[in-house]
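Structure record follows, encoded as structure tokens.
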Amino acid sequence: MSPTREERRERLVEVYREASVCELCPLSETRTSVVFGSGNADADLMFVGEAPGAEEDRQGLPFVGRAGGLLSELLEGIGLTRQDVFIANVLKCRPPGNRDPQPIEIESCDPYLMRQVQLIEPRVIATLGNFATKLLTGSRTGITKVRGTVQVHEIGGRSVFLMPFLHPAAALRTPSLVETLREDFAKLPELISRPGPDGGGERPSAEDLAPETVAAGSDQLGLFGG
Ligand code: URA
């Protein structure tokens with residue numbers, strides 16, 4: 001039987017507690033915060049970006065800088081808010097100077113991402129940019145070739161739809177790509193409305209569920225409510 005929404009959230013908080021003191025790779029020496037992820041622990045749609053930047057490292061939250069502003073806008077464009085989805089990254093700690101993630105860092109952090117996917121059980125995973133796409137598809141094909149085309153992958157022990165997107169930061173550097181991102185985002189509502197690729201995964205919509213009280217007293221524990 002699927003865990004209840006509250007069980008999902010509690011288990012995710014346990015993984016967060018573990019990640020928040022992680023020293024598995026050298027990024028623990030330079031980070032200000034572990035950016036575990038935020039949003040709805042019961043989400044049908046999960047975003048996976050690359051790694052926290054300076055602002056994310058400062059606030060302990062994913063996608064709160066300029067790229068995050070664009071992500072929120074793209075979500076609004078398809079009638080969703082950040083509370084409807086879960087947002088995480090391949091790396092939970094910022095690489096100094098925003099350099100590319102290193103293999104040892106990806107390898108050390110991957111189990112946290114896998115546990116997030118196992119607990120949240122999204123039907124759709126949206127990868128943002130090359131790193132997340134290559135890691136989760138297991139393919140070396142670059143994002144410009146695969147963006148906007150749905151794939152099916154076994155991730156965290158379940159079949160999920162995976163939709164690769166350009167990274168919002170790339171679209172900020174090349175404004176014409178914002179429209180490409182918008183066009184690709186427009187494909188999400190239909191994809192989310194499908195049963196999962198294994199035919200399962202029907203859950204009540206967010207509106208069917210009463211708002212829940214957020215646990216107080218710890219910095220990021222309120223992040224996984226609906
Ligand atoms: N870019 C990412 O990939 N992740 C963030 O959280 C912020 C910027």
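The values are calculated or read from the model by the stated rules, or taken from the named source; none is laboratory data. Keep in mind the model is a prediction, meaning the values are calculated, not measured. We place every Cβ from the backbone using ideal geometry, glycine too, and count neighbours over all the protein chains shown.
At-a-glance table
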{"quantity": "Scan of the stretch 98-140 for residues that are among the aliphatic types (A, V, I, L, M) and touching a strand residue (DSSP E or B) at 6+ places or on another chain (Cβ under 9 Å), ordered by number", "calculated": "Leu113, Met114, Val117, Ile120, Val124, Ile125, Ala126, Leu128, Ala132, Leu135, Leu136"}
{"quantity": "Any hit, the stretch 107-124, residues being over 27 Å from Ser2 (Cα atoms) and either modelled with pLDDT under 95 or among the hydrophobic types (A, V, I, L, M, F, W, C) (or both)", "calculated": "no"}
{"quantity": "Helices (runs of 4 or more DSSP H) contained in the stretch 100-146 and holding at least 1 residues of a type in the set (A, V, I, L, M, F, W, C) and closer than 16 Å to Leu181 by Cβ", "calculated": "130-137, 143-146"}
{"quantity": "Selection count, the stretch 58-91, where residues are part of a loop (DSSP other than H, G, I, E, B) and either charged (D, E, K, R) or at negative phi (or both)", "calculated": "10"}
{"quantity": "Any hit, the stretch 113-125, residues being free of Cβ contacts under 8 Å to residues at least 12 places away in the same chain and of a type outside the set (Val, Ile, Thr)", "calculated": "no"}
{"quantity": "Residues being within 11 Å of the ligand (Cβ to nearest atom), among the aliphatic types (A, V, I, L, M), under 12 Å from the mean Cα position of the chain (by Cα) and within 17 Å of Ala132 (Cα to Cα) - total across the stretch 45-67", "calculated": "2"}
{"quantity": "Complete set of residues in the stretch 74-102 that are within 14 Å of the ligand (Cβ to nearest atom) and not hydrophobic (A, V, I, L, M, F, W, C)", "calculated": "Arg82, Asn89, Lys92, Arg94, Pro95, Gly97, Asn98, Arg99, Asp100, Pro101"}
{"quantity": "Members of the stretch 16-44 that are of a type in the set (A, V, I, L, M), closer than 16 Å to Ile106 by Cα, over 15 Å from the mean Cα position of the chain (by Cα) and in a loop (DSSP other than H, G, I, E, B)", "calculated": "Leu24"}
{"quantity": "Residue within the stretch 37-44 that is hydrophobic (A, V, I, L, M, F, W, C), within 13 Å of the ligand (Cβ to nearest atom), touching a residue at least 24 places away in the same chain (Cβ under 8 Å) and within 28 Å of Leu172 (Cβ to Cβ) present", "calculated": "no"}
{"quantity": "Checklist (1) under 20 Å from Val13 (Cβ atoms); (2) away from the ligand (no atom under 13 Å from the Cβ); (3) surrounded by fewer than 23 Cβ atoms within 10 Å (Cβ to Cβ); (4) of a type in the set (S, T, N, Q) applied to Gln116, failing item", "calculated": "(3)"}
{"quantity": "Which numbered condition Ile104 misses (of (1) loosely packed, with under 14 Cβ neighbours inside 10 Å; (2) within 18 Å of the chain's Cα centre (by Cα); (3) of a type in the set (Val, Ile, Thr))", "calculated": "(2)"}
